[in-house]
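Q: Here it is, the structure in full.
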Ligand code: P6P
């Protein structure tokens, strides 16, 4: 495959992608630069004293890992200067971040999880940056308000993630399919390695934290049990895989198929995963790749967040597997 860079790919597809405007290209360029900078830190985490937490607790009530803080700072600094944004939302920040007037203000809003899976940092397991892009609501001028950001999932115009794993990968969509790029550290460029990614219709992996069994409803137990004992439409049974880093578990599902599940439970009645910076972007990618994403009752992208850090149950992956969960919940009268 010829060395196709992200910029070249966007220009090639610009006429096709409804939202790949010049401003959007600039947004992606700075997202890529942020990813390369974060990769530099995650790549040498074991060598510096960035391991371990800072002792602080973030808005989610989670211990802030030093790399979390570094990644959040890199994203805020770089993206505020990209010229395409009017506001941002970070999993690490309680409120929206308005782009200051000393920087060029754009029409897009970026929501991101700077370093998802951070609990895995100290054991050298994949972590990732997840991002969601939407436009400022038409006609809204002046200072961006929080309600401008609380948009229905289907209003995203782009989404993706950067996976810091054995190789650093960028996977994103602007509404014209899902495309994967691998960082060539030798030249410092993300090169097209996975053009037009499709989530397999049939998969043989289910991914869920079985340790939550005691807190699940009978309907959720029935849904998870189905994958333990059931067979896919091709007659093959399922294997269990759970990394505990959403980006890694999703990336495997995107390539191999199957289903990733984070159900609600008695301790997390709204679910654990964040609607805006985790469920929305990955659901956008799953649908663009021919898969499905549900909260167990209906389409994730039909949801509108009530607040910036709203959470949701998430069932995402091969269409037939997500529909199996929805069918069981419907038969059981709900989650
Ligand atoms: P649990 C990491 O904190 C995260 O948000 C996702 O990356 C991951 O999939 C999930 O939480 C793991 O949660 O409860 O299984 O440890």
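Q: What's the number of the only condition in (1) part of a loop (DSSP other than H, G, I, E, B); (2) in contact with a helix residue (DSSP H, G or I) (Cβ under 9 Å, 6 or more places away or on another chain) that residue 224 fails to meet?
A: Result: residue 224 fails condition (1) only.
Q: Just to be sure before I move on: is residue 326 free of Cβ contacts under 8 Å to residues at least 60 places away in the same chain, away from the ligand (no atom under 12 Å from the Cβ), in contact with a strand residue (DSSP E or B) (Cβ under 6 Å, 6 or more places away or on another chain) and in a helix (DSSP H, G or I) in the structure I sent?
A: yes
Q: Only residues in segment 129-147 that are outside the structural domain of residue 277 (by TED's automatic domain parsing) count as the first member; pair them with residues that are at pLDDT 95 or above and assigned to a loop (DSSP other than H, G, I, E, B), Cβ under 6 angstrom, at least 6 apart or cross-chain, and list the lot.
A: The qualifying pairs are 134/151; 146/96.
Q: Looking at segment 104-121 only, could you name the residues that are within 11 Å of the ligand (Cβ to nearest atom) and over 16 Å from the mean Cα position of the chain (by Cα)?
A: 119, 120, 121, listed by residue number.
Q: Checking residue 154 against (1) in contact (Cβ under 8 Å) with a residue 24 or more places away in the chain; (2) assigned to a helix (DSSP H, G or I); (3) surrounded by fewer than 20 Cβ atoms within 10 Å (Cβ to Cβ); (4) not assigned by TED's automatic domain parsing to the domain that holds residue 40, which test does it fail?
A: Failed condition: (4).
Q: Let me ask you something else. Quick one: in segment 245-262, of everything that is away from the ligand (no atom under 11 Å from the Cβ) and not in a loop (DSSP other than H, G, I, E, B), which residue is nearest to the chain's Cα centre (by Cα)?
A: 251
Q: Given the options 284, 206, name the one that is in contact (Cβ under 8 Å) with a residue 60 or more places away in the chain, within 15 Å of the ligand (Cβ to nearest atom) and within 26 Å of residue 129 (Cβ to Cβ).
A: Every option except 206 fails the conditions.
Q: While we're here: Of all residues being under 30 Å from residue 172 (Cα atoms) and touching a residue at least 60 places away in the same chain (Cβ under 8 Å) in segment 224-244, which is farthest from the ligand (Cβ to nearest atom)? Just the residue, please.
A: 233
Q: Name the residues in segment 263-276 that are surrounded by fewer than 24 Cβ atoms within 10 Å (Cβ to Cβ) and under 17 Å from the mean Cα position of the chain (by Cα), would you?
A: If the condition is that a residue be surrounded by fewer than 24 Cβ atoms within 10 Å (Cβ to Cβ) and under 17 Å from the mean Cα position of the chain (by Cα), then 271, 272, 273 are the ones that fit.
Q: In segment 178-193, how many residues are surrounded by fewer than 18 Cβ atoms within 10 Å (Cβ to Cβ) and under 19 Å from the mean Cα position of the chain (by Cα)?
A: Selection size over segment 178-193: 1.
Q: If you scan segment 125-145, which residues turn out to be over 17 Å from residue 30 (Cβ atoms) and within 15 Å of the ligand (Cβ to nearest atom)?
A: If the condition is that a residue be over 17 Å from residue 30 (Cβ atoms) and within 15 Å of the ligand (Cβ to nearest atom), then 125, 126, 127, 128 are the ones that fit.
Quick grid of which residues meet (1) modelled with pLDDT of 90 or more; (2) outside the structural domain of residue 115 (by TED's automatic domain parsing); (3) touching a strand residue (DSSP E or B) at 6+ places or on another chain (Cβ under 6 Å); (4) closer than 18 Å to residue 120 by Cα:
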| residue | (1), (2), (3), (4) |
| --- | --- |
| 16 | no, no, no, no |
| 22 | no, no, no, no |
| 30 | yes, no, no, no |
| 33 | yes, no, no, no |
| 36 | yes, no, no, no |
| 50 | no, no, no, yes |
| 54 | no, no, yes, yes |
| 62 | no, no, no, yes |
| 66 | no, no, yes, yes |
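Q: Among the numbered conditions (1) in contact (Cβ under 8 Å) with a residue 60 or more places away in the chain; (2) over 26 Å from residue 180 (Cα atoms); (3) surrounded by fewer than 22 Cβ atoms within 10 Å (Cβ to Cβ), tell me where residue 61 comes up short.
A: (1)
The values are calculated or read from the model by the stated rules, or taken from the named source; none is laboratory data. What you see is a predicted model, and the numbers here were worked out from it, not measured in a lab. When we count neighbours, we look across all protein chains shown, and the Cβ atoms used for this are built from the backbone with ideal geometry, even at glycine.
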